[in-house]
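Derivation of every value follows stated rules applied to the coordinates shown; laboratory data play no part. Quantities reported herein were computed from a predicted structural model and do not represent experimental measurements. Glycine also receives a Cβ, built like all others from the backbone with ideal geometry; neighbour counts cover every protein chain displayed.
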Amino acid sequence: MMRIDILTLLPEAFTYLNYSILQRAQTAGLVDIHLHYLRDFATGRHRITDEPPFGGGGGMVLKPDPIFTAVENILQDHQVNDHPLTPSPPHPIILMTPQGRPFTQSIAQELAQHKRLLLICGRYEGVDERVRQRLVTDEISIGDYVLTGGELAAMVVVDAVVRLLPGALGAEGAAETDSHATGLLEGPHYTKPANFRGWEVPEVLRSGHAGQIARWRRQEALRRTWDRRPDLLLTAVLSEEDKWFLGQLAAGEA
Ligand code: 6GU
């Protein structure tokens, strides 16, 4: 069973984790998710977690001590005095920040291999640099736009990771055929009715020919990727037949 700890100033925001696949994965014992309120680890009468930046300027910066104390408590036996990158640490300690490495399906796959993850939700204005340099082992962003805090980003990462855990998806939804798992976008999907307002479902999908259906789906995935995300074709794993079909698309013949 994987364990995920999330350190946040807004634990109430994580209700999304109690639904759907994330809920099922938890009740099935595939993952154990623990929320920790950063303020609980702050000291003093006011339990202050942030302060204005040294040197002036706007915004507030998360103080290092509550974050270090929280992480040390959460990962009880974790040694945080050494730089965490040299003696490779037992578990990833991930800071959610727009300055992090851009999150991808391959990072989700990488994270899904670990027994334990700790996500720290930053805030846009910033986190004391000593947290980055001396505590975290990884920094992740979910894209080039500004969010108020790392909470939504942490839920995105948890969702993408948990659905990769063996047994998380029902038989109907295999993670291997998802968009991006194959390196391509998925082609179109259709369901009942076969004729909706005169608009027909492609005949091949109702033909019952498994081989023809698989080939059509592959070609439509290639077509959609060619149209919308040609950058993905540079890294996708392509067969000779795939390359031939892309040649047809390029020539305007498909
Ligand atoms: Cl991880 N945090 C914040 N605050 N904004 C983001 C982000 C993370 N990823 C994209 N924008």
(request) Quick one: what are the phi-derived ³J(HN,Hα) couplings along segment 4-16, Karplus 6.51/-1.76/1.60 with θ = phi - 60°, whole Hz, x for glycine and proline? (result) 10, 9, 10, 9, 8, 8, 9, x, 5, 6, 8, 4, 3
(message) Suppose the chain between A181 and R130 were pulled fully straight at 0.36 nm per residue; how much longer would it get relative to their current alpha carbon spacing?
(response) 14.8 nm
(message) What does DSSP give for the chain in terms of the percent of beta bridges that are antiparallel, rounded to the nearest 5?
(response) 20 percent
(message) Between 0 and 90 degrees, rounded to the nearest ten: what's the tilt of helix 210-228 against the longest Cα principal axis of the chain?
(response) 60 degrees
(request) List the extent of the Cα atoms of the chain along each of their three principal axes, largest first, rounded to whole Å. (result) 70, 41, 40
(message) 7 Å from Cα along Cα→Cβ at both K115 and R47: what's the point-to-point distance in nm?
(response) 3.2 nm
(request) Just report the Cα centroid separation between segment 27-81 and segment 90-130, whole Å. (result) 14 Å
(message) Over all directions, how big on average is the projection of the convex hull of the alpha-carbon atoms in segment 29-75, in square nanometres?
(response) 4.7 nm²
(message) Let me spell out the model: positive unit charges on the Cβ of Lys and Arg, negative unit charges on the Cβ of Asp and Glu, origin at the Cα centre of the chain. What dipole size does that give, in debye rounded to 20?
(response) 420 debye
(message) Report, to one decimal in Å, the Kirkwood hydrodynamic radius for segment 182-250 based on all distinct Cα pairs.
(response) 13.1 Å
(message) Please list 3J(HN,Hα) in residue order for segment 34-47, calculated via the Karplus relation 6.51 cos²θ - 1.76 cosθ + 1.60 where θ = phi - 60°; whole Hz, with x for glycine and proline.
(response) 10, 9, 10, 7, 4, 4, 4, 9, 8, 9, x, 4, 9, 6
(request) Would you mind checking which residues have amide H under 5 Å from E139's amide H? H placed 1.01 Å from N; only 5 or more apart, or other chain. (result) L95, R101
(message) Using only the alpha-carbon atoms, how far is helix 240-250 inclined from the longest principal axis of the chain? Give it as 0 to 90 degrees, nearest 10.
(response) 80 degrees
